[in-house]
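Presented below is the structure to which this report refers.
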Amino acid sequence: MRNRLIAGTLALFAARLILSVARSGPLLVADEIGYLTNARVLTGGLEGQLQNAPFYRGGYSLLFSPFLDLSSDPSLVYHLVLVLNAALAASVFPLLYVLLTRYAGVEARTALWAALAGAAYPAVTVLSQVAMSENALFPLACVWLIAFGGLLAARDPRGSLLWGMGLGASTAALWTVHGRMVTAVVLTAVLVAWLGVRRRLPPAAVAAVLVVLAAGILGTHLLNTYLIDHNYGGSAPNEANDRLSSFWGGHGPLTAAANLLGQAWYLVVSTFGLAAVVFARVVARAGGLGAEEDREQLPPVTPILVVLTVLLLLVSAGSFPVRTRPDMLIYGRYVEVVTPVLVALGLAMLAGRKFPLRIFRPLLALALFSAAIVLIGVTASDSGDPNRFNISGLPFVTAQLGSAILIGAALVAGAGVWLISVASVRAPRYLGAVALALFLPVVVYGAWNPVLRSERDVYPSGWTSPEPVAEAHGIRSLGYDTDHYDAIGLYAYQWFLPQTSVRLFRGAHEPPPSRYFLSGRSWPREHPETGTVELWSARGRDQVLWRAGRF
């Protein structure tokens, strides 16, 4: 079994690494630039121009910050980050296997295929191609659940103490990586305190969890403060307050309710019903349904996982009280950090024949199509193109999220539910292979859309980095004309100028703050008095590096 685990992990690592070879640079801005420049600042490098961007926490950046000590080449460092992402994504497979076999009571052969299918969930591959914090959250969520399982299963004080420290550390790590993981912080603190009061955990273990967690929260605060001071101009927008104010204004609660329906629908569709299997079994256990022996076998980590998923869904739905893109209605990225575990557990439950399929299948099909019909009415008011990175597990093509897309995804998911349910009855040992076969087309589509399609849009054929030009002219200070704002121009190109500070200005109202500046191609016509010379231009974008002759 160990050889199969190693072989599967290496295969997953190699597949994601091969996909990343053709990459040129960051695609998602300002997100990736936030994490990348955080790492640059943590190693004593030049700060970024992120005053107008959201704040990005430093936990993920800490993981790859050593790469900036190895090389100053932005392209090489970015590819090293993608190598790290591939390793983090591959680690989900053995972590899921450990979770299933040790703390979910799953037989080794079943756990192997279930873990492999969970690790092959499409979003894990798609997000491994960008420098986003989810790459750290996927394995950390598994580690957190393993630590919870180890603490609850510990039989001696020393073991409880060690597992408690591990749980506190993994919870703090989740919080350090992304703010939405406050859900894990609250759940851990409340559940551990309650178990301590009920004397299900020794006081020393409870104290270990809370003390380590508190220390981690303090460390996160210090890290965030340092980054805000050095990479965000000394201040960062309070997104929680901004979203809460938007939530209670206008149609915020109704929008959030629609988001909750859409995002729960997406979770079920993208997992081909496997997430619903886990939820249904926990609900059945809580309601005292099913055979007594079946209810007793429900592992403790399962309800913990379900509660965390619900909390993440609530946070995600409330994060978009005003939808500016149609994908926000079925936004999946916030909750997908736990989806690989839901997939693996769902497959293990079906393979063990511990789930009643006769009633479940028609109810799930009805729920999928009913929700799709409701969502079709909601999407009629949404405009713009959806961001596939946020719904990369959708088992259908992505365009405007209208009736054809939603019904098509529901039909594909319904067919997948039927295939999985048939395999669970007739050939349970092949359940994992069936799930892999269902995920594979979604992964292939995700490799093209959004990864390769975005790559061509941002870095078309013939694109060159501005770094050689900046080095040749000794450019250490650069102005950026916000009257010709381009998100890629302002954010992505910062990464390729590691020795050049950037200052914003409005070309129509003020002179450039430096002799060198980025603006549109119309600058010489609009400002002939500056006597500009073109030094570099971004292929496919209206972004030109100018040198002013009179400054």
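The values are calculated or read from the model by the stated rules, or taken from the named source; none is laboratory data. Quantities reported herein were computed from a predicted structural model and do not represent experimental measurements. With ideal geometry, Cβ positions are generated from the backbone for all residues, glycine too; neighbour counts draw on all protein chains shown. Areas reflect the complete protein model, heavy atoms only, side chains present, ligands, DNA and RNA absent. Shrake-Rupley method; radii C 1.70, N 1.55, O 1.52, S 1.80 Å.
Two decimals, Cα atoms only, Kirkwood Rh: what is Rg/Rh over region 146-219?
Numbers: Rg = 11.3 Å, Rh = 11.8 Å.
Ratio of gyration radius to Kirkwood radius: 0.95.
A 1.4 Å probe run over region 88-130, with the rest of the protein chains in place, finds 26 Å² accessible per residue.
Length gain on complete extension for the stretch A286 to E510, per 0.36 nm per residue less the alpha carbon to alpha carbon distance?
On the way: separation 224, 0.36 × 224 = 80.64 nm, distance 6.53 nm.
Length difference between fully extended and current span is 74.1 nm.
Report summary: the helix-based calculation at 222 nm, which adds -39500 (n - 2.57) for every DSSP H run with n ≥ 4 and divides by the residues of the chain, gives -19500 deg cm²/dmol.
Residues H230, H251, ordered by accessible area of protein heavy atoms at a 1.4 angstrom probe radius and largest first, appear as H251, H230. When the square roots of the Cα gyration tensor eigenvalues are ordered a ≥ b ≥ c, the ratio a/c for region 450-504 is 1.5 or more and a/b does not exceed b/c, which makes its shape oblate.
Label sites at D457 and A367, each approximated as a point 7 angstrom past Cα along Cα to Cβ, lie 3.3 nm apart. Full extension from V422 to S477: what is 0.36 nm times the residue separation minus their Cα-Cα distance, to one decimal in nm? Additional length available on full extension: 13.4 nm. Using the Cβ-Cβ distance between L314 and A214 with R0 = 22 Å, the FRET efficiency computed as 1/(1 + (r/R0)^6) comes to roughly 0.35. Across the protein chains, with a 1.4 Å probe defining accessible surface, the residues I405, I6 rank I6, I405 from largest area downward. A 1.4 Å probe run over the protein chains yields, for region 388-528, 43 Å² of accessible area per residue, whole-number rounding. Per-residue packing, averaged as other Cβ atoms within 10 Å, sorts the ranges 470-481, 326-337 into the order 326-337, 470-481, beginning with the highest. Surface composition of region 1-104: carbon plus sulfur atoms hold 61% of the accessible area, using a 1.4 angstrom probe and ignoring ligands, DNA and RNA.
Over all projection directions, the Cα-based convex hull of the chain averages an area of 26.4 nm².
Which helices, taking whole DSSP H runs in the chain, have alpha carbons extending 24 angstrom or more along the helix axis plus mean Kyte-Doolittle at least 1.6? What comes out of the filter, once short or polar helices are dropped, is 134-153, 301-318, 357-379, 403-426. Heavy-atom accessible surface of E107, to the nearest 10 Å², is about 110 Å², with a 1.4 Å probe and all protein chains retained. Legend: residues V458, V143, sorted from most to least accessible area (1.4 Å probe; ligands, DNA and RNA excluded), read V143, V458. Cα gyration tensor of region 399-465, axes a ≥ b ≥ c as square roots of the eigenvalues: rounded (a/c below 1.5), prolate (a/b > b/c) or oblate? It comes out oblate by the Cα gyration axes. Scoring 279-286, 394-401 by mean Cβ neighbours within 10 Å over their residues and listing the highest first yields 394-401, 279-286.
How high is the relative contact order of the chain, in percent, counting Cα pairs under 8 Å that sit 6 or more residues apart? Intermediate values should be presented prior to the final figure.
Values: 857 pairs, mean separation 94.1, N = 551.
For the chain, the relative contact order is 17 percent.
In region 441-499, the portion of solvent-accessible area held by carbon and sulfur atoms comes to 58 percent [1.4 Å probe, whole percent, DNA, RNA and ligands not counted].
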